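Below is one structure, written out as structure tokens, with a few remarks after it.
The values are calculated or read from the model by the stated rules, or taken from the named source; none is laboratory data. Just so we're clear, the structure is a prediction, and the values are computed from it rather than from any experiment. Virtual Cβ from ideal backbone geometry, glycine too; neighbours counted across all protein chains shown.
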Amino acid sequence: MRTTHRTRRLIGRSIQIVAVTVFAAISVFPVVWMFRMSVSPADEAVLDGLQLLPESLDLGNFTRAWDQANLGQAMLNGALVTLGILAAQLVTVIPAAYAFAKLRFRGRDAAFAIVLACLLIPTQAIALPLYLGIGSVGLANTFAALVLPFTTSAIGIFMLRQYMVTIPDALLEAAKADGLGVFSTLLRVVVPTSMPSIAAFSVLSIFTHWNDYLWPLLVARDSSLYTPPLALSVFQQAETGTSYGELAAAALLVTLPIVVLFIVAQRKFVSGIAGGELPG
């Protein structure tokens, strides 16, 4: 009986390993294919059939991609816009989440319901009204236009609020007994305690706005304002076609900072999503 139970566990474990391996391979394949294209000569970038390894290497794709798309400027713009949005969001999201989680005031539940309703509205649905509003105040084609529409985040308020609800009220009462006010308690107690959730939201925000294409496409007319996804469009020309080797190399360079960020912050990200610190 014990042998049968052990055999079932072994079979179940083997099926799990095979399933995870298959899904991992499916997920990694586009990245491997992008890397193959990035180091292939132009006449080998797209081939019939499946060939993971190129017959010859052309590392010049990376230098040509860097120069043609002006990736240095685009990645600097992306960093400035992404970090500017994140800073503004943290300033607005953290106090709002704390208020919804721990403060008692009239209309709190109704206001939080409005925040939840905002989660149902896709960004694309409000892009045109936002663009008209930004243009009406003369901010189109500026860095401000890239940042201002995203100075707060409904998903951020929701994520941090759900985490802050788990903070014991006794901890806040102790802070109040020590003479801390609402803002002092927020800064000295709630924020340090909520760092896993704040880190998870920060990573999510950076991913979202570093990879955003639609909004920069609408408001950034000057190439000096191009963010990384927008800079990649230089390789798609109606007259000459798409330069797949350079496009893949540029996409790989643009993706690399995000991959490094996730590798560094993955523990905090998973901990924040899970709602608490992971065991060490």
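Quick one: in the range 196-221, of everything that is under 15 Å from V264 (Cα atoms) and of a type in the set (F, W, Y), which residue is surrounded by the most Cβ atoms within 10 Å (Cβ to Cβ)? Here the answer is F201. The set of residues from the range 177-187 being in contact with a helix residue (DSSP H, G or I) (Cβ under 7 Å, 6 or more places away or on another chain) and assigned to a helix (DSSP H, G or I) comprises T185, L186.
Screening P149, P196, P229 for residues that are touching a residue at least 12 places away in the same chain (Cβ under 8 Å) and either closer than 20 Å to T255 by Cα or of a type in the set (A, V, I, L, M, F, W, C) (or both) leaves exactly one candidate, P229.
Checking each residue in the range 26-41 for being exposed (fewer than 14 other Cβ atoms within 10 Å of the Cβ), among the hydrophobic types (A, V, I, L, M, F, W, C) and modelled with pLDDT under 85 picks out V28, F29, V31, V32.
Just to check your reading of the model, which residue among I126, I121 is modelled with pLDDT under 95, at negative phi, loosely packed, with under 13 Cβ neighbours inside 10 Å and out of contact with any Asp or Glu (no Cβ under 7 Å at 6 or more places or on another chain)? Don't jump to the end; show me each part of the working.
Details: I126 fails: loosely packed, with under 13 Cβ neighbours inside 10 Å.
From the options I126, I121, the qualifying one is I121.
Quick one: how many residues across the range 215-265 are more than 21 Å from the chain's Cα centre (by Cα), more than 14 Å from N70 (Cβ to Cβ), among the hydroxyl-bearing types (S, T, Y) and at pLDDT 80 or above? Total meeting the criteria: 0.
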